[in-house]
Structure formats: C-alpha cells, structure tokens
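Structure below; questions to follow.
The values are calculated or read from the model by the stated rules, or taken from the named source; none is laboratory data. Just so we're clear, the structure is a prediction, and the values are computed from it rather than from any experiment. Neighbour counts run over all protein chains shown; Cβ positions are idealised from the backbone, glycine included.
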Amino acid sequence: MSGHSKWSTIKRKKGALDAQRGKIFTKMAKMITVAARQGGGDPQMNIKLRLAVDKARQVNMPAQSIERAIKKGTGDLQEGVALEELTYEAYGPGGAALIIEAVSDNKNRTTSEIKHILADNGGRLGETGSVKWLFDKIGVVRINSFKKEERENIELAIIDAGANDLKDEEGSLLVLSDIEKLSEIKKCLEDNNILYDSAEPELIPKNPLKINDKNILSQLEKLMEALDGQEDVNEIYSNLSQ
C-alpha cells in the first residue's frame, strides 16, 4: 500500500485509459465544486479550493473543466444537483481502522454502496467517532525526485518554510507540517525548482497498526481497490504501518 497509511484514489499515472481519466476528473470536479461552494471561488483566498485545484492540475485535468467546476460551486453555473461531503469511519480485515471520504449527490445511495463493499470484503462501518480519534490531520508533502547531494539544502529550505518534521518513506522524502503552512512549503519548493509528487492535508495515524499476515493484507488490498472503484469516494486512509 502506497503513501503514509493512505490509499490515494487520485491516480497520478500518465497515459491512463480514457475511462479511468474520466472517472478521476469527475471526482476532482466534485471536490472543487464543494470547496468553491464552501469558501468562494478565489483559490488565493480559499485554501481548500487551492489544494483541490492543485491536485486536479497534477492529474492533468483541463483548465476549462476546473473553471467550470469552480463556477458550479459559486453558483455562476447551474449545478443541477446538490453535492455533499461525507466521511465514513470503518474497520477492515485484521481490525485495520479506515476513514473514507466521499462527495455525493445521493447520500443514501453512497452509504448503501459503501456498506455493501465493506461487507463483501470483511469490513464494517463503525460508529461516528470510533475511528477518527486514531488520526491527526496535518499537511503532507511527498518529494520523490531529488539528488542525494541536494538533500541537505532541500531540508533546510523546507524547515525555514515551516515544516514540522521530515521522514523517509519508501525512497521519498515526507514533509509534515501544519495545514496552514502547506502553501508556503509548496511555494518554497517551486521557487527552488524542486518537484513534488503531492501536497495536501492527510490523516496520519497516531499509532500505526502492524499486520504481518499476508492473507489479511491481501484482503485489505481488495477492499481498498473496491472502495476506490466506488464513484463517490475520493480518499481512503488507514492506520496501517509501512
């Protein structure tokens, strides 16, 4: 499982099939529309919108589609349906804790489908508050492309920009910060021509769970893939350790 105990539903692979790209763009458009509706259509004044737009650009979503999604959120275009952010707390095989974030125009349908996916893959929904306390919400930046000799200068620049901690993760440099500092850290990286893979708020487990049983890990993999395939799900977080 990639990421810091996170199953990223926004694939960043170039050359994806058109159907996959369309699905990703639809998910991104929903996120942008909700962010614009909640905080306004100016990405400079609305950090949630700015992060959603940045993520959309990372997956090569057309600028026209991004602008259209923003206008739907601000009411400049008729949306037709009301979108709602949903968060589900759940348990998977081996007792793994899951937080599932979705954007839906039909809460009952989405909830029913997620319950069905969980039940079919050895999981279950938890009560509100049963899982969320196991996580902290912080800013996370992943940097994959840098030369070893440049690392010290990169780390110093990032710390000056407001990073709280730096960690190694599967060959990547993981930067942890307060959410409010994400924009400053991204600007620092861009000013220094440092490429980063992602920069967004994430839920990080306070006490990661270690599972060694390959069968359980395989079951979790299938569950994550099934949840990822649900059209309304944007992000899935787990408390699994790396």
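Select from the stretch 115-155 the residues that are in contact with a helix residue (DSSP H, G or I) (Cβ under 7 Å, 6 or more places away or on another chain), without any contact (Cβ under 8 Å) to a residue 60 or more places away in the chain and farther than 25 Å from Glu180 by Cβ and list them in ascending order.
Arg124, Leu125
In addition: If I go through the stretch 46-102 residue by residue, how many of them are part of a helix (DSSP H, G or I), without any contact (Cβ under 8 Å) to a residue 12 or more places away in the chain and of a type outside the set (Gly, Ala, Ser)? Spell out how you get there, then give the answer.
Residues of the stretch 46-102 that are part of a helix (DSSP H, G or I), as a first pass: 47-58, 63-74, 93-95.
Still in the list and also without any contact (Cβ under 8 Å) to a residue 12 or more places away in the chain: 57, 63-64, 67.
The next check asks that each one be of a type outside the set (Gly, Ala, Ser); those that pass are 57, 64, 67.
Going through the stretch 46-102 one residue at a time, the tally reaches 3.
Please go through the stretch 35-50 and pick out each residue that is closer than 13 Å to Ala199 by Cβ and modelled with pLDDT of 85 or more. Give the steps one after another, and end with the answer.
Of the stretch 35-50, the ones closer than 13 Å to Ala199 by Cβ are 47, 50.
Hit for the stretch 35-50 is Arg50, nothing else.
Taking the criterion of being over 27 Å from Leu240 (Cβ atoms) and surrounded by 14 or more Cβ atoms within 10 Å (Cβ to Cβ), would at least one residue in the stretch 169-184 satisfy it? Walk me through how you get there before you give the answer.
We begin by selecting, within the stretch 169-184, every residue over 27 Å from Leu240 (Cβ atoms); these are 180, 183-184.
Subsequent filtering for residues that are surrounded by 14 or more Cβ atoms within 10 Å (Cβ to Cβ) retains 183-184.
Yes, the stretch 169-184 has at least one match.
Report, by residue number, each residue of the stretch 190-218 that is more than 20 Å from the chain's Cα centre (by Cα) and either in a loop (DSSP other than H, G, I, E, B) or crowded, with 19+ Cβ neighbours inside 10 Å (or both).
Hits for the stretch 190-218 are Asn192, Asn193, Ile194, Lys210, Ile211, Asn212, Asp213.
So, of the residues in the stretch 116-161 that are part of a loop (DSSP other than H, G, I, E, B) and modelled with pLDDT under 90, which turns out to be farthest from Ala97 (Cα to Cα)? Don't jump to the end; show me each part of the working.
Applying the first criterion (part of a loop (DSSP other than H, G, I, E, B)) to the stretch 116-161 yields 121-123, 126-131, 144-147.
Now narrow it down to the ones that are modelled with pLDDT under 90: 144-147.
Working: Asn144: 27, Ser145: 31, Phe146: 33, Lys147: 36 Å.
The extreme case among them is Lys147.
Quick one: in the stretch 219-242, of everything that is part of a loop (DSSP other than H, G, I, E, B), touching a helix residue (DSSP H, G or I) at 6+ places or on another chain (Cβ under 7 Å) and of a type in the set (S, T, N, Q), which residue is nearest to Thr111 (Cα to Cα)?
The residue in question is Gln230.
If you don't mind, there's one more thing I want to ask. How many residues does the stretch 103-115 contain that are assigned to a helix (DSSP H, G or I) and out of contact with any Phe, Trp or Tyr (no Cβ under 8 Å at 6 or more places or on another chain)? Can you show your working first?
So the first thing to find is which residues in the stretch 103-115 are assigned to a helix (DSSP H, G or I), and the list is 107-115.
Now restrict to residues that are out of contact with any Phe, Trp or Tyr (no Cβ under 8 Å at 6 or more places or on another chain): 107-110, 112-113, 115.
Of the residues in that region, 7 qualify.
Scan the stretch 25-33 and give yes if some residue there is at pLDDT 85 or above, among the aliphatic types (A, V, I, L, M) and either over 21 Å from Lys137 (Cα atoms) or surrounded by fewer than 19 Cβ atoms within 10 Å (Cβ to Cβ) (or both), otherwise no.
Of the residues in the stretch 25-33, the ones at pLDDT 85 or above are 25-33.
Next cut, among the aliphatic types (A, V, I, L, M) only: 28-29, 31-32.
Narrowing further to those that are either over 21 Å from Lys137 (Cα atoms) or surrounded by fewer than 19 Cβ atoms within 10 Å (Cβ to Cβ) (or both): 29.
Yes, some residue in the stretch 25-33 is at pLDDT 85 or above, among the aliphatic types (A, V, I, L, M) and either over 21 Å from Lys137 (Cα atoms) or surrounded by fewer than 19 Cβ atoms within 10 Å (Cβ to Cβ) (or both).
Let me ask something else. For Ser112, work out the one condition from (1) under 30 Å from Asn215 (Cβ atoms); (2) of a type in the set (S, T, N, Q); (3) at pLDDT 85 or above; (4) touching a Leu at 6+ places or on another chain (Cβ under 8 Å) it doesn't fulfil.
(4)
Does at least one position in the stretch 164-179 carry a residue that is part of a loop (DSSP other than H, G, I, E, B), among the polar types (S, T, N, Q) and without any contact (Cβ under 8 Å) to a residue 24 or more places away in the chain?
No.
I'd like the full set of residues that are among the hydrophobic types (A, V, I, L, M, F, W, C), closer than 21 Å to Leu86 by Cβ and touching a helix residue (DSSP H, G or I) at 6+ places or on another chain (Cβ under 6 Å), limited to the stretch 34-60.
Passing the criteria: Ala35, Ala36, Leu49, Ala52, Ala56.
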